1. Sequence neighbours fewer than 8 away in the same chain don't count; with that in mind, list the aspartates and glutamates whose C-alpha is under 20 Å from Lys311.
2. Of Lys192/Lys373; Lys192/Lys451; Lys86/Lys385; Lys64/Lys373, which ones are farther than 28 Å apart at the Cα?
3. Only Cα pairs under 8 Å and at least 6 apart count here; give the relative contact order of segment 75-179 as a rounded whole percent.
4. Considering the dipole of the chain built from charges on the beta carbon (Lys and Arg +1, Asp and Glu -1) around the Cα centre, which of Val161, Leu259, Ser125 is farthest to its positive end?
5. Apply the a/c threshold of 1.5 to the C-alpha gyration tensor of segment 1-111 and tell me whether it is rounded, prolate or oblate.
6. What is the dipole size for segment 113-328, taken about its Cα centre, with +1 at each Lys and Arg Cβ and -1 at each Asp and Glu Cβ, in debye to the nearest 20?
7. Could you give me the ³J(HN,Hα) list for segment 398-404, computed from phi with Karplus coefficients 6.51, -1.76, 1.60 and θ = phi - 60°, whole Hz, x at Gly and Pro?
8. Note down the relative contact order for segment 113-328 as a percent, whole number, built from C-alpha pairs under 8 angstrom at least six residues apart.
Amino acid sequence: MSKIGSEENPLRVAIVGAGPSGFYAAEHILKDGNLHAQVDLFDRLPTPFGLVRGGVAPDHPKIKSVIRVYEKTAARDGFRFFGHVKIGRDVAVEELEQLYHAIVFTVGCETDRSLGISGEELPGSHAATAFVGWYNAHPDYADDEFDLSCERAVVVGNGNVAMDVARMLALTDHELRQTDTADHAIELLDRKQIREIVVLGRRGPVQAAFTNPEIRELGEMEDAEVVVDPADVELDPASKAFVESDEADKTTRVNYETLKEFSQRQPEGKKQRIVLRFLSSPVEIKGDGRVESIVIGRNQLVEEGGSLRAKDTGEREELACGLVLRSVGYTGIPIEGVPFDERRGLILNEGGRVLDSHNGGHKVGHYTAGWIKRGPSGVIGTNKKDALETVQNLLADVESGALLAPEKPSPEAVVELLSERGIRYVTFEDWQAIDEAEVGRGEPHGRPRVKFVRVEEMLETVGEKLAG
């Protein structure tokens, strides 16, 4: 048989997960002019784009414009999208091995890390991932319920997701109705009784993980003031030395200057407050049948092994609240048939090549990219370079012949398999029909789109388009 990657024997790649990493991996493979390749991109949802659709805050439309890049990839020869197909349920990984030369897992980190404190399981205590999915119309969270009738909410975490969650809780109805926030979320947020949102960071302002635009936005809201205690921006000697050194990047310096400016602001009489607190960790969530308060521990920074670590001082404070949203990191979910590093919550890999075990070699034909490869870090663009590393290793294996030997490499084989099982998969053209319908629903209201929340609605829309 002719060499893999030739016109007679094109490289067949299955990519599992249609978020940024999946599209970047597809782009890197398909743009290689010396390679004949066919890429099938699978996602368990009928909609592509992963966290760009279901994770980016609705009031950040510019970030979502990266979708245009992915649409260009989808238009390339050799690309196909199979939405509404869950690998591991509808099709086993072992079955993909019989259809493709290589499989790239780009499923992201789909669940949250827990706080590990007493009371975390009480009603009113939620993962930020659930809240984000709920207001972004993600089908997984369509039926979730959030009680916003309390006066104070507490957000635990100091990254961009924590900032997004705090901001979304404080947006006015006017601000929300200019976005593609889910209708059910707009209605509930408009009725909220929350007047104060407290954001807890376990370390100091210099160690915060949010980026400049996310923190700056908190100071520019229609009806919410941002509050920082001046004492919280007084740095310990080690943090002061760091922020003044060449080691500190521009993001850190600008964040700190922004927080100092917030600490000097005078109240303007707005209805809501977003209070940013540092050196504060949740110790316990209390309540009789639901969240009623949170116990906060005061930390101090200590130098350990060349880095600053938050150490509990033993000082405690109890704060009344009715809603706690934890945003302390994401972790991956294992896929049947794929080696997994339980400690790190990632697919076991080296440079994107999946490993058989911690001490084992490359699991031939298996690759990974994105958060499930390296952990939940960086911005959307970070995934492009990350995917490139994986694809370069995959292409090196094409050259050496270290790939799978599928029994049915024909492009029709996977279509036949799905048809035999009665699985209604969604093509990219089908997605475009869903997209068109959502945009059409938003136009009369001056909104970018009104999203479908349920998979059934999406499939019905595609059915109507086909019938038409």
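We did not get these values from a lab; they are worked out from the coordinates using the rules stated. Values in this document were obtained by computation on a predicted structure and should not be read as measured data. Here the Cβ is made from the backbone with ideal geometry for all residues, glycine too, and neighbour counts use every protein chain on show.
1. Here the aspartates and glutamates satisfying the reach criterion relative to Lys311 are Asp232, Glu234, Asp236, Glu284, Glu303.
2. Distance filter (> 28 Å) returns Lys192/Lys373.
3. 14 percent
4. Of the candidates, Leu259 comes out farthest on the positive side.
5. Here segment 1-111 falls in the oblate category.
6. 420 debye
7. Residue by residue, segment 398-404 yields 4, 5, 8, x, 8, 10, 5 Hz.
8. Value for segment 113-328: 32 percent.
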